Amino acid sequence: MMREIPKKALLAGISAIFAASPGAYAQSNTSTQSVSDNEISDIVVTARRRAESLQSVPVAITAITADVLREKAITTPYDLGNSTPGIVAATGSSQRNDVLYFIRGQGATFGSSPSVVTYFADVPQQTNSASGGSNITFYDLESVQVLKGPQGTLFGRSTTGGAVLLTPKAPSGEFDGFFEAALGNYSSREFTGAVNVPIFEDRLAIRVAGNYSYHDGFSKSLTTGQDLDDRDRSSYRISVLARPTDWLTSTTIFSDVNIKENGTASVLGTYEPNGVARRVVDPRLPGGSVITGSLLDTRVGAGILGVTPGVTEATASGYGYISVAGLCTNPGITALYAASGKSVANCINERIALINGVRASLDGEAARIAAGGSVRRLATTRPNFLRSQVQQLINTTELNFGELGFLGDTSFKNIFSTTRNLHSEVVREIQGGVGSGVVYNDLDVSNPNCTPTLCTGQVNVRDYGAGKNDWFDVWSEEAQVSGQIGGSHDWMIGYFTEHSNVNAYLNYPAIFQTLNGAFTVPAGLPGISTGYNRDYKSSQTGYFGQATIDFAAFGFEGLRLTGGYRYSVVKQSLLAVNALLPPTGVIVAPDNPAITTDDPIPASLKQTADSYTFSLDYKFSPDVMVYGTTRKGFKQGGINIQSILPAQNGVAAALPTFKPETVTDYELGIKADYNLGGIRMRTNLALFQADFSGLHRATSFFNGQTASNQIENAAKLRSRGLELEQVIRFTPAFTVNVNYAYLDAKFRSFPGVIVRPSDGAIIERSRTPITGAPKHKLDVAARYQYDAGDTGDFILAGNVSYQSRTSVSDDALFSLTPEEQSPYAIVNLRLDWNNIMDNAVDLSIFVKNLFNETYRTGAGNLVSSQLGTTPYVYGDPRVYGVQLRARFGRSAER
């Protein structure tokens, strides 16, 4: 039996460990571990917009260098989530390309801005989630940094969860480069290369990098035979460095990403087709009551879409639900059918038949999956695709003014970017069965008798320019003036603004088909979104300042105080247009007068918010620092585009705008390098609590043609926990990293109730599970390096990443069955043979998801809209391959 360790002895032992000074840092930008000593290499980060040692920054950061990115085979955003505790990568909009990061329980709800923003070269990135997904690429990077907690003062777009910083390799004054080719299962092939050319010493240089990545689909459609979850994209970057003088440096980056893929497998998960139609009355409901049931249920006497007396209203209790009988008795629809010699009964039967076709497809899918059918097989309405090409231009210009009196060593930095879409078209499934739900962008139904479900011909997609925008339609600008007073006190003031004139569907009406087009006129056709908008403008502008005072100048060695503040202004404006399918069945360009629209309704908002950060850190020795930090951040509010028009029709549930989400967090931490029995150790530990108010949450309603959603400031949430990063360097050749995150997130308040469609149960919203918030996340990675002399270096690396149970849907409360991912673990292995036979050639063998774990990365709940399903998106299966890399120039040196 283990004896209890006396408290005094334990404290003395801890003090002795942390008092052991390992000596000076090894100043390096990479984690390449020298075999000549046993030091843990330093990592330089830019979390406070200046280069600092990771161990000197008083905030929790996970920094991954270029070498580690390669050894862990981190090539996609999901790979980052599978190897980094404290961050979860999930799918948004039921698309694999639309990656949402969650940090400390905060990410994004459908339709709101992200709580975790991805930056490339210090520029916040757009996701284009509605049509193209993310254009983020993970090649030729210097590092990836994950900043945890609100980023409200120094980083461009204010966020409540954190930030992910991707830093590309910059041009340099040395000739350098590599070429890399990889082949693997699923017919995968990937080619990556970069070359750095100094044109005039280190004054003028250019770096060109490119990547092409392809693999067959992980999933297949049972109805069309099409591969889904495939990859086919190319990308390149051209970076130019100009340093005409020692005090002026300008770096310009041009990037291009071209995607030609089939899109995402949206697999039927939750399936709840039945629900007795009833009016639920409760004073806590909007309008006091709501009609509930399943829109898939056409049973007479039960189904909401049938002809049951009492549930045939065209609108019901403020939610805008439309029954088949309510639609077919509309005077305009009745006259249209009468002109063709048809009755109301004909109208009802025709539309009920369309819905029953969806029901039959979903019944079959549900039975197949229940019988053990593969989730890599699914039913789809028609061939899907995603075509997108995005270009970005970034310029960073720095001026070093030198010593400017009391301001000290002063410099100026300006970061400008602009992004354009050359095209962006998508057809994607959203509900998990044939005819049950499809979203079209840039679609032309040129023949009114030819629809995705009623015609064997091809539904045409032609280029209206709907997915395009010009340079300067999306742009950002950041200006910083910073300095260091007396060589120790750092300060910065700045200005940031970003502007977008491109709406969610890239200035084109989104075309939805739900329930086989049972609510369109003529029946069976897709219907244009009632949430379309024109003249969209959005901006966020911030004015900020931050300073760090080093009290060593006043006799308090090792003590520093940091304070920062930002004032932000958010503006949005648009014209809301109810865009409908004309009776001819021809969908045309949005500026064509043949499209049927209501009079545009203007909407606008102006919101202000403030943010701050205060931290106090103290170094007991050069290698042990403790700190305390408190921060306030916000995530901008916005306009509920899909609710503007219903609000004009008296829909009680519609909210035209939503306010900013705010957070105040507190963090205590320690960062220590020390020696324990001859073993080099690094311990970075952070304890945190974050209090969120006005939390953004999506609610859904059926607008008569499809599911609509809106954001409301629904809740208060508290998240707290700890994050540990432990490095154990047993020898210069053998290192183990243990990273662990514990999260306890719960709602402090979530007013209101929901009515569960399947059984009419009234449930408090405070019981809603929190998406992307696993209680435990653990990653154990090991690396062993063997130097075989002229034969080369052998590196065996692997990691096990575990995640406990987590919810995958904000709307999980609407479903009878939990919408969550069970605990799972991913195992990755890699063997590198570097410097083969003393040549600058490296050979690698890798496998990711070794045991072929099946796990969900996201969900698209439509049960809340009474459409009866929640489709799931699944992570990558086991992939393996071989990679060959040839280095030249500076990189060829061993």
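The values are calculated or read from the model by the stated rules, or taken from the named source; none is laboratory data. Everything numeric in this text was worked out from a predicted model, so none of it was measured. So basically every Cβ, Gly included, is an ideal-geometry build from the backbone, and we count neighbours across all protein chains shown.
Where residues in segment 363-415 are basic (Lys, Arg) and part of a strand (DSSP E or B), which of them is nearest to Val434 (Cα to Cα)?
Arg377
Would you confirm whether or not segment 230-242 contains a residue that is touching a Gly at 6+ places or on another chain (Cβ under 6 Å) and in contact (Cβ under 8 Å) with a residue 24 or more places away in the chain?
Yes, some residue in segment 230-242 is touching a Gly at 6+ places or on another chain (Cβ under 6 Å) and in contact (Cβ under 8 Å) with a residue 24 or more places away in the chain.
Which of the residues spanning segment 100-114 are of a type outside the set (Lys, Arg) and modelled with pLDDT of 85 or more?
Selection gives Tyr101, Phe102, Ile103.
All but one of (1) over 24 Å from Pro273 (Cβ atoms); (2) touching a helix residue (DSSP H, G or I) at 6+ places or on another chain (Cβ under 7 Å); (3) not small (Gly, Ala, Ser) hold for Val358, so report the exception by its number.
(1)
Residue-wise test of (1) in the same structural domain as Leu241 (by TED's automatic domain parsing); (2) in contact (Cβ under 8 Å) with a residue 24 or more places away in the chain; (3) outside any strand (DSSP E or B); (4) within 23 Å of Asp67 (Cα to Cα).
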residue	(1), (2), (3), (4)
Gln145	yes, yes, no, yes
Pro171	no, yes, yes, yes
Ala182	yes, yes, no, yes
Tyr186	yes, yes, yes, no
Asn196	yes, yes, no, yes
Arg207	yes, yes, no, yes
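Could you run through segment 807-849 and say how many residues are among the hydroxyl-bearing types (Ser, Thr, Tyr), in contact with a Lys or Arg (Cβ under 8 Å, 6 or more places away or on another chain) and under 20 Å from Val267 (Cβ atoms)?
Qualifying residue count, segment 807-849: 2.
Could you list all residues from segment 321-355 that are part of a helix (DSSP H, G or I), of a type outside the set (A, V, I, L, M) and surrounded by 15 or more Cβ atoms within 10 Å (Cβ to Cβ)?
Result: Gly326, Cys328, Thr334, Tyr337, Cys347, Glu350, Arg351.
Out of all the residues in segment 734-747, is one or more touching a Lys or Arg at 6+ places or on another chain (Cβ under 9 Å) and in a loop (DSSP other than H, G, I, E, B)?
no
Give all pairs with beta carbons closer than 6 Å in which a residue from segment 668-690 that is within 30 Å of Phe747 (Cβ to Cβ) meets a residue that is surrounded by 20 or more Cβ atoms within 10 Å (Cβ to Cβ) and among the aliphatic types (A, V, I, L, M); count only pairs at least 6 apart in sequence or on separate chains.
Every condition considered, the pairs that remain are Gly669/Ala686; Ala686/Ala60; Ala690/Val663.
Scan segment 457-474 and tell me whether some residue there is modelled with pLDDT of 90 or more and assigned to a strand (DSSP E or B).
Checking segment 457-474: at least one residue is modelled with pLDDT of 90 or more and assigned to a strand (DSSP E or B).
Are there any pairs with C-beta distances below 8 angstrom linking a residue in segment 774-789 that is touching a residue at least 40 places away in the same chain (Cβ under 8 Å) to a residue that is assigned to a strand (DSSP E or B) and charged (D, E, K, R), with the two at least 6 apart or on different chains, and if so which?
Final answer for the pair search is Gln785/Asp793; Tyr786/Asp793; Asp787/Asp793.
Looking at this structure, is Val426 assigned to a strand (DSSP E or B) and modelled with pLDDT under 85?
yes
Out of segment 666-715, which residues are closer than 23 Å to Tyr567 by Cα, at pLDDT 90 or above and crowded, with 24+ Cβ neighbours inside 10 Å?
Ala690, Phe692
How about segment 249-279: which of its residues are assigned to a strand (DSSP E or B) and either acidic (Asp, Glu) or modelled with pLDDT under 75 (or both)?
Residues satisfying the conditions are Asp256, Glu261, Arg278, Arg279.
So which residues in segment 764-806 are farther than 19 Å from Trp833 by Cα, out of contact with any Lys or Arg (no Cβ under 6 Å at 6 or more places or on another chain) and in a strand (DSSP E or B), if there are any at all?
Selection gives Glu764, Thr771, His776, Lys777, Leu778, Asp779, Val780, Val800, Ser801, Tyr802, Thr806.
Out of everything in segment 36-83 that is under 29 Å from Gln546 (Cβ atoms) and charged (D, E, K, R), what residue ends up being surrounded by the fewest Cβ atoms within 10 Å (Cβ to Cβ)?
Glu52
In segment 781-808, which residues are closer than 13 Å to Leu829 by Cβ, out of contact with any helix residue (DSSP H, G or I) (no Cβ under 8 Å at 6 or more places or on another chain) and among the β-branched types (Val, Ile, Thr)?
Scanning segment 781-808 gives a single hit, Val800.
Take Gly433 and decide whether it is in a loop (DSSP other than H, G, I, E, B), on the phi < 0 side of the Ramachandran plot and without any contact (Cβ under 8 Å) to a residue 12 or more places away in the chain.
Answer is no for this residue.
Filter segment 605-651 for residues that are closer than 30 Å to Glu39 by Cα and aromatic (Phe, Trp, Tyr); which is modelled with the lowest pLDDT?
That would be Phe620.
Scan Ala654, Ala741 and give me the residue that is assigned by TED's automatic domain parsing to the domain that holds Ile40, aliphatic (A, V, I, L, M) and either modelled with pLDDT of 90 or more or within 22 Å of His776 (Cα to Cα) (or both).
Ala741
Quick check, is Thr854 in the same structural domain as Ala182 (by TED's automatic domain parsing), in contact (Cβ under 8 Å) with a residue 12 or more places away in the chain, surrounded by fewer than 17 Cβ atoms within 10 Å (Cβ to Cβ) and within 21 Å of the chain's Cα centre (by Cα)?
Judged against the criteria, Thr854 is a match.
Being without any contact (Cβ under 8 Å) to a residue 60 or more places away in the chain and over 24 Å from Leu722 (Cα atoms) is the filter; apply it to segment 746-765 and report the residue that is surrounded by the fewest Cβ atoms within 10 Å (Cβ to Cβ).
For segment 746-765, the residue satisfying everything is Pro751.
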